[in-house]
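A short write-up of the structure that comes next.
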Amino acid sequence: MKKLLTLLIIMGLLYLNIEVIYRALMGDLVGEIRGIKYASLAGWTSLWMFFIGGCLGVALGLLNEVGVFKKNANIFFQSLIGTAMVLLLEYMAGVVLNIWLDLSLWDYSDLPLNIDGQVSLLFAVYWFLLCPLVFWMDDLLRHVLYKKGKIYHIKDVYSQLFVFWCKDDVL
């Protein structure tokens, strides 16, 4: 349990930073967001995203530990399932935080393919491409912190992304 809590904290902090950087770059590209001027590169997030991102990081890391995926290193299908998990948790968190508690942390109602304004299926592509990074980060953290598994390069993960069934022992 202590290991999972440690991973949750690290993954939560990493997610906060990724979100701030993403919003800073997207704010620059799309103009004014929440009163932040065009080209300011100002990013922002909510501390709630620490818990959401941390839980997702741990959940995706545990998915990476499941026997059939670990044995076959099937990053493509892992990423598909991971994307579904991310969208489901984002929707559930959105219902609780944005609708029930009225915190207005995000609103995708003006985007196409949105579900109740809490999740946009357009972001599924981003999540699909980010899942291998999370799997790699989880494995790296487990190796560094707990001497479990082996270190491998991130390019090895992404090189396997579109191989549908791989029995390589690279990952």
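The values are calculated or read from the model by the stated rules, or taken from the named source; none is laboratory data. Since the structure is predicted, the reported quantities are computational estimates derived from the model, not experimental observations. All Cβ positions, glycine included, derive from the backbone under ideal geometry; neighbour counts span all protein chains shown.
Okay, residues lined up against (1) free of Cβ contacts under 8 Å to residues at least 24 places away in the same chain; (2) among the hydrophobic types (A, V, I, L, M, F, W, C); (3) surrounded by 14 or more Cβ atoms within 10 Å (Cβ to Cβ):
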site	(1), (2), (3)
Phe135	no, yes, yes
Asp139	no, no, yes
Lys147	yes, no, no
Gln160	no, no, yes
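The condition of being farther than 14 Å from Asp138 by Cα, modelled with pLDDT of 90 or more, under 11 Å from the mean Cα position of the chain (by Cα) and crowded, with 18+ Cβ neighbours inside 10 Å holds for only one of Leu87, Leu60, that being Leu87. Checked against the criterion of being of a type outside the set (Val, Ile, Thr) and either touching a Pro at 6+ places or on another chain (Cβ under 6 Å) or closer than 28 Å to Asp156 by Cβ (or both), segment 109-123 contains one or more residues that satisfy it. Selection within segment 91-108: residues that are over 21 Å from the mean Cα position of the chain (by Cα) and assigned to a helix (DSSP H, G or I). The member of this set that is surrounded by the most Cβ atoms within 10 Å (Cβ to Cβ) is Ile99. Applying a threshold of 9 Å to beta carbon distances and a minimum spacing of six or more residues, or different chains, the list of pairs starting in segment 77-91 at a residue that is without any contact (Cβ under 8 Å) to a residue 24 or more places away in the chain and ending at one that is surrounded by fewer than 20 Cβ atoms within 10 Å (Cβ to Cβ) and small (Gly, Ala, Ser) reads Ala84/Ala124. The residue that is modelled with the highest pLDDT, counting only those in segment 23-35 that are surrounded by fewer than 14 Cβ atoms within 10 Å (Cβ to Cβ) and assigned to a helix (DSSP H, G or I), is Leu25.
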